[in-house]
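Have a look at the structure below before the remarks.
The values are calculated or read from the model by the stated rules, or taken from the named source; none is laboratory data. Quick caveat, the model's predicted, so the values are computed rather than measured. For neighbour counting, all protein chains shown are included, and Cβ atoms are generated from backbone atoms with ideal geometry for every residue, glycine included.
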Amino acid sequence: MTALLDLIGGTPLLAPSTLRLAGGADLLLKLEGHNASGSVKARPALNMLRAAQARGDLPPGRPVVEPSSGNLGLALAMCCGALGIECHLVVDPRMTPYSKHVMQMYGATVHQVEQPDEKGSWQGSRLARARRIVEEQDALLLLQYSNPDNAAAHESLTAAELIEQLDGRTPDVCVVGVSTGGQISGLGRAFRDAGLRTEMVAVDVQGSSIFGGSYQAYRLRGLGLSWWPGNLDGSVLSRAYRVPERLAFRTARVVARREQLLSGGATGAVLSVALRESAQLGPENLVLAVVAERGDRYLGQFYQQSWRVEHGLDDSLAEPDWLAACLNLRPLEGDWRAGEPR
Ligand SMILES: Cc1ncc(COP(=O)(O)O)c(C=O)c1O
């Protein structure tokens, strides 16, 4: 017998059948969409709740609140429902109707902000509303961007699983999408502590300003932020990329068609970079990439041609120009770590 929350973790490591480049590195994909709630975020959601309970910060009856329109929100709604905790999620209008519906079905209260903040960031605007809910209801704000129990979930659980699954092989490169930094920092620290010489490669989306530049609105969900988050440990990063969302969506569609793997735009960005990284290496090398979520939520979004046309993002799946676009990606140059708080 298995309880719902036991369906978090233990995700498979997939050897894709068509993505490996001739002469390039071997590629393995950690399928985090297999977690209950459909994404990697089930791990930090559960760990942040359990750690808060263990510290006495979340006594029975105290609600939690979090600004999340995406995977963490879905995961928290699920975990809170299973643990009997009242859950408030602050979302913005870019969220898919599917996510809002599922959060509500799991029993969460969904609060929607209608305007971005003065920097144009929806995250900032959602955070301000979440802080109001803290004041009004004495709710516990989990704050995934800086909560160490987010990265700790990956440092202990995800990394240990991976090391076991790799069965003695060391990835030369590990490619991970970045928003709070929890995944890449947790994995990077654990690999370093285990003595693995794995280069951690961060993937962000064009428009996000984590690694510098000015913030510009984008539609891809799951990656990016308008500031350097507390959970992002610059000391583990070897390099970083910013992928155009058009390419990310296209890669996700190619991968759905070629591998029958339905993921999100964030995964499209990660796999675009994984291909470029694998082309830089040889067949004796290994690139590991995290597929952070399932893609069914995006069927009415970028997987749909009418949506892509409406947003000026339609393009064909024809190769080889798709592959050339991936291989032409370049890591960021200059002081891309400048935003890290010292
Ligand atoms: C699909 C997807 N990929 C990557 C990330 C980034 O993970 P992290 O917040 O651990 O940096 C997220 C975060 O929400 C996500 O939803």
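Annotations for the structure displayed:
- Consider the stretch 166-187 and keep the residues that are crowded, with 19+ Cβ neighbours inside 10 Å and small (Gly, Ala, Ser). The one that is farthest from ARG242 (Cα to Cα) is GLY186.
- Pair list, Cβ < 8 Å and 6+ apart or interchain, from the stretch 209-230 residues that are assigned by TED's automatic domain parsing to the domain that holds GLY312 to residues that are more than 9 Å from the ligand (Cβ to nearest atom) and basic (Lys, Arg): PHE211/ARG242; PHE211/ARG337; GLY213/ARG242; TYR215/LYS119; ARG219/ARG94; ARG221/ARG94; SER226/LYS119
- Checked against the criterion of being among the small types (Gly, Ala, Ser) and either in the same structural domain as GLY182 (by TED's automatic domain parsing) or within 12 Å of the ligand (Cβ to nearest atom) (or both), the stretch 49-68 has at least one qualifying residue.
- Inside the stretch 254-286, residues that are of a type outside the set (Val, Ile, Thr) and within 16 Å of the ligand (Cβ to nearest atom) make up a count of 12.
- Within the stretch 240-251, being under 23 Å from THR198 (Cα atoms) and either within 13 Å of the ligand (Cβ to nearest atom) or in a loop (DSSP other than H, G, I, E, B) (or both) holds for ALA240, VAL243.
- Qualifying positions in the stretch 227-245 - closer than 26 Å to GLY295 by Cα and surrounded by fewer than 21 Cβ atoms within 10 Å (Cβ to Cβ): PRO244
- Residue identified as surrounded by fewer than 24 Cβ atoms within 10 Å (Cβ to Cβ), in the same structural domain as SER226 (by TED's automatic domain parsing), within 16 Å of the ligand (Cβ to nearest atom) and modelled with pLDDT of 95 or more among ALA190, ALA153, ALA202: ALA190
- Taking the stretch 224-239 as the range and being in a strand (DSSP E or B) and within 12 Å of the ligand (Cβ to nearest atom) as the test, only LEU237 passes.
- Conditions (1) in contact (Cβ under 8 Å) with a residue 12 or more places away in the chain; (2) within 18 Å of LEU27 (Cβ to Cβ); (3) among the acidic types (Asp, Glu); number of the one not met by ASP204: (2)
- All of (1) closer than 29 Å to ASP92 by Cα; (2) modelled with pLDDT of 95 or more; (3) within 13 Å of the ligand (Cβ to nearest atom) hold for ARG221 with one exception: (2).
- Some residue of the stretch 159-180 being among the basic types (Lys, Arg), modelled with pLDDT under 95 and either within 23 Å of TYR215 (Cβ to Cβ) or away from the ligand (no atom under 16 Å from the Cβ) (or both): no
- Residues that are away from the ligand (no atom under 15 Å from the Cβ) and either buried (at least 21 other Cβ atoms within 10 Å of the Cβ) or hydrophobic (A, V, I, L, M, F, W, C) (or both) within the stretch 287-310 comprise VAL287, LEU299, TRP307, VAL309, listed in sequence order.
- Number of positions in the stretch 4-41 that are over 22 Å from GLY70 (Cα atoms), among the aliphatic types (A, V, I, L, M) and either within 16 Å of the ligand (Cβ to nearest atom) or in contact (Cβ under 8 Å) with a residue 24 or more places away in the chain (or both): 7
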